[in-house]
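Down below is the structure, laid out as C-alpha cells.
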Amino acid sequence: MATYPITTRGYAAIKKELDHLKKVDRPAIIKAIAEARSHGDLSENAEYHAAKERQGFIEGRIKNLEGIVATAEVIDPAGLSGERVLFGATVTLFDLEKESEMTYQVVGEVEADLNKGKISVRSPIGGALIGREVGDEVTVQTPSGARKYEIVSVKFV
C-alpha cells in the first residue's frame, strides 16, 4: 500500500475533522433523518431528502478521511534542519521576473492550500524545490510559461 506524506499539523487537522464528523455530525444527521421520517410521506418530504443527501456527504467524507489516515506517512518538520528544501520546509522565494518575495510551506497533497501558503510536494513548484538549497535558482514550468525563482531561505517549523 502506498503511503502519502503529511505534516503533523495536517494529520492532526484531519484527525480532528474525522472525530467531529463521527461524534457530532453523524449523530445529528441520524436524528434529523428520524425526525423527518416522523412527518409522514417520504416521497414528498424535502427535509428527509435533504438529510439523506447530507448523510451521504458525511459518510463519503468519513471514508475519504479514514483512507488518508490509513495511508499517511506523518513527518514532523520541526525535527528537520538545514538549508536544503525537504518535505515540510517553509521556503521563501524571490520571483526574478516580478522582483517580489513569497513564502510557501511544502506539504502533502491533502493539506495543500495556496491561500494559506501551503503548496503540494507534487505540484510543479513543490517538486522543483525539493532537494534544492538556499541561493539556488529554480525554473518552474507553469501553464503561463517558465518562471524563475531564487531560494532565499529554508526553515523548518
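The values are calculated or read from the model by the stated rules, or taken from the named source; none is laboratory data. In this text the structure is predicted, and so the values were computed from the model without any measurement. Neighbour counts run over all protein chains shown; Cβ positions are idealised from the backbone, glycine included.
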(request) Could you list, in sequence order, all residues of the stretch 118-151 that are surrounded by 11 or more Cβ atoms within 10 Å (Cβ to Cβ), closer than 23 Å to GLY79 by Cβ and either in contact (Cβ under 8 Å) with a residue 24 or more places away in the chain or aromatic (Phe, Trp, Tyr) (or both)? (result) VAL121, LEU129, ILE130, ARG132, GLU133, VAL134, ILE151
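So is ARG122 part of a loop (DSSP other than H, G, I, E, B) and among the basic types (Lys, Arg) or not?
On the way: part of a loop (DSSP other than H, G, I, E, B): yes; among the basic types (Lys, Arg): yes.
Yes, satisfied.
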(message) Which residue is modelled with the lowest pLDDT, if the candidates are limited to the stretch 23-70 and must be farther than 30 Å from TYR11 by Cβ and among the polar types (S, T, N, Q)?
(response) SER43
(request) Hey, could you check the stretch 86-102 for residues that are part of a loop (DSSP other than H, G, I, E, B) and in contact (Cβ under 8 Å) with a residue 24 or more places away in the chain and say which is surrounded by the fewest Cβ atoms within 10 Å (Cβ to Cβ)? (result) GLU97
(request) Among the numbered conditions (1) loosely packed, with under 13 Cβ neighbours inside 10 Å; (2) of a type outside the set (Ser, Thr, Tyr); (3) without any contact (Cβ under 8 Å) to a residue 40 or more places away in the chain, tell me where MET1 comes up short. (result) (3)
(message) Going by what's in this entry, would GLN105 be described as of a type in the set (S, T, N, Q), within 13 Å of THR7 (Cβ to Cβ), in a strand (DSSP E or B) and in contact (Cβ under 8 Å) with a residue 12 or more places away in the chain?
(response) yes
(message) Can you confirm whether GLU83 is modelled with pLDDT under 95, surrounded by fewer than 19 Cβ atoms within 10 Å (Cβ to Cβ) and in contact with a Ser or Thr (Cβ under 6 Å, 6 or more places away or on another chain)?
(response) no
